[in-house]
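This report concerns only the one structure given below.
The values are calculated or read from the model by the stated rules, or taken from the named source; none is laboratory data. Only a predicted model underlies this, so the values are computations on that prediction, with no experimental measurement involved. Using ideal geometry, Cβ is built from the backbone for each residue, glycine included, and neighbour counts are taken over all protein chains shown. Only protein heavy atoms, including side chains, enter the accessible area calculation; ligands, DNA and RNA are left aside. Shrake-Rupley method; radii C 1.70, N 1.55, O 1.52, S 1.80 Å.
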Amino acid sequence: MAEFPEPPGVEALRAIPPVLHHLPQGTTMARLCFVGSEFSTSWDTFRFYGPTTSRFDHQLPDEQGRARVQDRGIMYLATGEEAIPTCLAEVFQATRLIDRRARDPVLSGFNLAGDLTLLDLTGPFATAIGASMAIHSGPRPRARRWAQQLYEAYPDIDGLLYCASMYGNAPAVALFERGARAIPKRPVFHRELRDAVMANILTETGRVIGYEVV
């Protein structure tokens, strides 16, 4: 198994030239959010409460190590031809159960209203900074500490491009609040998972990745 050490510190990271990936205006993105959860979000809002258990939350905990509301916001997205099943595989990985009703999950798609500049963690840059590709599947608390330092070391990035380990390393994005300018005013697709229109894709995705659908 590839090593996945602690991040080396902001100054050490700043000494390494970033490898960037640019998503142009008009790129289609997909997002799955829960509108009925305790910290509910809509398709176009960032979550400013954190860090939670999500892999690349860049929020800083308080002095007791607890999550809190702050200026750092995060939004997890997928892109590419398999964006929708990528969202489903990543979001429901803990239970391997696609629940169409609990916490009112909503799947949305939208086209970027502006360009995004992302730090590319999908290739050898992850090794160059000392993390290795294990950053995509290793311990999440450590990955969050990497995200916190990468956010500070590279102030011009809008977020991270990473590999969705639950869906064949398909492209996924941890978008920081810096990228808010690229969120459009309205989506091109917006459906509750309980909607009958979603039945076929949920069933097929569940079959491919071995998740149950209820």
(request) Give just the number: which of (1) open to solvent by 20 Å² or more (accessible area, probe 1.4 Å); (2) at negative phi does Phe56 not satisfy? (result) (1)
(message) Just to verify a result, which residue in the range 137-159, among those that are in a loop (DSSP other than H, G, I, E, B) and among the charged types (D, E, K, R), is surrounded by the fewest Cβ atoms within 10 Å (Cβ to Cβ)?
(response) Asp156
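Filter the range 160-214 for residues that are outside any strand (DSSP E or B), of a type in the set (Lys, Arg) and more than 30 Å from Pro124 (Cβ to Cβ); which is most open to solvent (accessible area, probe 1.4 Å)?
Initially, the range 160-214 is screened for residues outside any strand (DSSP E or B), giving 165-169, 177-188, 193-211, 214.
Checking which are of a type in the set (Lys, Arg) leaves us with 178, 181, 185-186, 194, 207.
From what's left, more than 30 Å from Pro124 (Cβ to Cβ): 185-186, 194, 207.
Working: Lys185: 184, Arg186: 169, Arg194: 98, Arg207: 159 Å².
Here the answer is Lys185.
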(message) Restricting to the range 60-81, give me the number of residues that are within 23 Å of Phe189 (Cα to Cα), among the β-branched types (Val, Ile, Thr) and touching a Gly at 6+ places or on another chain (Cβ under 9 Å).
(response) 1
(request) Please list, ordered by first then second residue, the pairs with beta carbon atoms under 8 Å, 6 or more apart or interchain, first in the range 149-163 and among the acidic types (Asp, Glu), second open to solvent by less than 10 Å² (accessible area, probe 1.4 Å). (result) Asp158/Leu116; Asp158/Leu118; Asp158/Leu175; Asp158/Phe176; Asp158/Gly179; Asp158/Ala182
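Restricted to the range 93-132, and to residues that are in a loop (DSSP other than H, G, I, E, B) and under 12 Å from His21 (Cβ atoms), which residue is least open to solvent (accessible area, probe 1.4 Å)? Walk me through it before giving the result.
Restricting attention to the range 93-132, the residues satisfying the condition of being in a loop (DSSP other than H, G, I, E, B) are 93-96, 99-104, 112-115, 121-124, 129-132.
Next, only the ones that are under 12 Å from His21 (Cβ atoms) stay: 115, 121-123.
On the way: Asp115: 91, Leu121: 0, Thr122: 51, Gly123: 21 Å².
Only one residue tops the list, namely Leu121.
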